[in-house]
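Asks: Could you have a look at this structure, given as structure tokens, before my questions?
The values are calculated or read from the model by the stated rules, or taken from the named source; none is laboratory data. Computed from a predicted model, the values in this text were never measured in an experiment. Here Cβ is always computed from backbone atoms with ideal geometry, including for glycine, and neighbour counts include all displayed protein chains.
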Amino acid sequence: MNNYDLERFESLGDNCEFGFYLRSKGLENGSLFRWSLIKDHQDLLNLVTGDFVNFYQFDNLQPTWSNMLVDKDNGIIFHTDLYSSQIDNNWVFDDAENERKEKYLIEKNKINYLVKKFLDGLKSNKKIFVIKKNNNQIDMNVIALLANELNRRGKAKILVVFQSDDSSQHGVIEHAGENVLISYIERFAEYNKADDISVAGWDKIVNNILHALPSEI
């Protein structure tokens, strides 16, 4: 596989594991959800269906960790330069409001660029969006609706990856509808060690997907 092949793939959560896989292959291209935490893909479906209205607005951002915040309008968590500290078990932004707004405007411009890149990518007819969750608890009805919504704006596939102890399943590609694919990996990285990935496991999946799908979907 080469960078052109890998650029077809983009993470849609639930965390940054697949982003670390792309990094292990030397691909550092930014994407909207590469480093985000998406606990419920219904939130992502709502965001896309609503055309990203009110996305990443200053008053909707709440700190959740020293370098992370949640967009309360949609529930998605992002890494940020709006740093915070824990005070009495509550996360509080470090900077005064004026300083935060200056940093926020820089981040918002970056977010706007990545939203446009995300939507433009749908029109390329080659995108494969990767979704996983360590506990395998993924609502496939929501995924089907999300796939339909993405394909209303272009053409793309969603690849849902599950953990499986059955080695005969690893890397196997299954179809779960016109625009949803399923595959399996022997393990996911622990959430607190998201870069401890199974490169070989992801390699097998990615190579089989590239073999199964043409350069344009």
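Asks: For segment 192-213, does any single residue satisfy the condition of being touching a helix residue (DSSP H, G or I) at 6+ places or on another chain (Cβ under 9 Å), over 21 Å from Met1 (Cβ atoms) and buried (at least 16 other Cβ atoms within 10 Å of the Cβ)?
Replies: Yes, some residue in segment 192-213 is touching a helix residue (DSSP H, G or I) at 6+ places or on another chain (Cβ under 9 Å), over 21 Å from Met1 (Cβ atoms) and buried (at least 16 other Cβ atoms within 10 Å of the Cβ).
Asks: Any residue at all in segment 118-126 that is at pLDDT below 95, among the aliphatic types (A, V, I, L, M), out of contact with any His (no Cβ under 9 Å at 6 or more places or on another chain) and under 26 Å from Asn3 (Cα atoms)?
Replies: Yes: one or more hits.
Asks: Take the residues in segment 10-30 that are touching a helix residue (DSSP H, G or I) at 6+ places or on another chain (Cβ under 9 Å) and more than 17 Å from Phe162 (Cα to Cα); name whichever of them is surrounded by the most Cβ atoms within 10 Å (Cβ to Cβ). Spell out the reasoning first.
Replies: In the first step, residues of segment 10-30 are kept if they are touching a helix residue (DSSP H, G or I) at 6+ places or on another chain (Cβ under 9 Å); the result is 10-15, 17-18, 21-22, 24-30.
Still in the running and more than 17 Å from Phe162 (Cα to Cα): 22, 24-30.
Working: Leu22: 23, Ser24: 13, Lys25: 17, Gly26: 8, Leu27: 15, Glu28: 9, Asn29: 11, Gly30: 11.
The residue in question is Leu22.
Asks: Let me ask another. Can you tell which of Phe55, Phe118, Phe93 is over 27 Å from Ile143 (Cα atoms) and of a type outside the set (A, V, I, L, M)? Show your work before the answer.
Replies: Values: Phe55 fails: over 27 Å from Ile143 (Cα atoms); Phe118 fails: over 27 Å from Ile143 (Cα atoms).
Only one candidate passes the filter, namely Phe93.
Asks: Of the residues Asn112, Asn134, Asn125, only one is on the phi > 0 side of the Ramachandran plot and surrounded by fewer than 21 Cβ atoms within 10 Å (Cβ to Cβ); which? Outline the logic, then answer.
Replies: Working: Asn112 fails: on the phi > 0 side of the Ramachandran plot; Asn134 fails: on the phi > 0 side of the Ramachandran plot.
So the residue among Asn112, Asn134, Asn125 that is on the phi > 0 side of the Ramachandran plot and surrounded by fewer than 21 Cβ atoms within 10 Å (Cβ to Cβ) is Asn125.
Asks: Condition first: without any contact (Cβ under 8 Å) to a residue 24 or more places away in the chain and in a strand (DSSP E or B). Now tell me which residues in segment 179-201 satisfy that. Give the derivation first.
Replies: Residues of segment 179-201 that are without any contact (Cβ under 8 Å) to a residue 24 or more places away in the chain, as a first pass: 182, 184, 186, 192-193, 196, 198, 200.
Of everything in segment 179-201, those that are without any contact (Cβ under 8 Å) to a residue 24 or more places away in the chain and in a strand (DSSP E or B) turn out to be Ile182, Tyr184.
Asks: Which pairs do you get when a residue that is without any contact (Cβ under 8 Å) to a residue 12 or more places away in the chain, found in segment 113-128, comes within reach of a residue that is surrounded by fewer than 16 Cβ atoms within 10 Å (Cβ to Cβ), reach meaning Cβ atoms under 6 angstrom, with the pair 6+ apart or on two chains?
Replies: Pairs found: none.
Asks: OK, next. Looking at (1) in a helix (DSSP H, G or I); (2) under 16 Å from Asp5 (Cβ atoms); (3) of a type outside the set (S, T, N, Q), which is the one condition that is false for Lys157?
Replies: (1)
Asks: Within segment 202-216, count every residue that is part of a loop (DSSP other than H, G, I, E, B) and at pLDDT 95 or above.
Replies: To start, the set of residues in segment 202-216 that are part of a loop (DSSP other than H, G, I, E, B) comprises 213-216.
From what's left, at pLDDT 95 or above: none.
Looking only at that region, the number is 0.
Asks: Determine whether segment 8-25 contains at least one residue that is in a loop (DSSP other than H, G, I, E, B), at pLDDT 95 or above, acidic (Asp, Glu) and within 15 Å of the chain's Cα centre (by Cα).
Replies: Yes; the residues of segment 8-25 include at least one that is in a loop (DSSP other than H, G, I, E, B), at pLDDT 95 or above, acidic (Asp, Glu) and within 15 Å of the chain's Cα centre (by Cα).
Asks: Give just the number: which of (1) at pLDDT 95 or above; (2) more than 20 Å from Glu107 (Cβ to Cβ) does Pro63 not satisfy?
Replies: (2)
Asks: Assess whether Asp71 counts as being touching a helix residue (DSSP H, G or I) at 6+ places or on another chain (Cβ under 8 Å), acidic (Asp, Glu) and not assigned by TED's automatic domain parsing to the domain that holds Glu190. Explain how you work it out, then say what you get.
Replies: Values: touching a helix residue (DSSP H, G or I) at 6+ places or on another chain (Cβ under 8 Å): yes; acidic (Asp, Glu): yes; not assigned by TED's automatic domain parsing to the domain that holds Glu190: yes.
Taking the combined requirement at face value, the residue satisfies it.
Asks: Give the residues of segment 166-178 that are in a loop (DSSP other than H, G, I, E, B) and within 25 Å of Val142 (Cα to Cα), sorted by residue number. Explain how you work it out, then say what you get.
Replies: Applying the first criterion (in a loop (DSSP other than H, G, I, E, B)) to segment 166-178 yields 166, 170-173, 176-178.
Once the filter is applied, which keeps residues that are in a loop (DSSP other than H, G, I, E, B) and within 25 Å of Val142 (Cα to Cα), segment 166-178 yields His170, Gly171, Val172, Ile173, Ala176, Gly177, Glu178.
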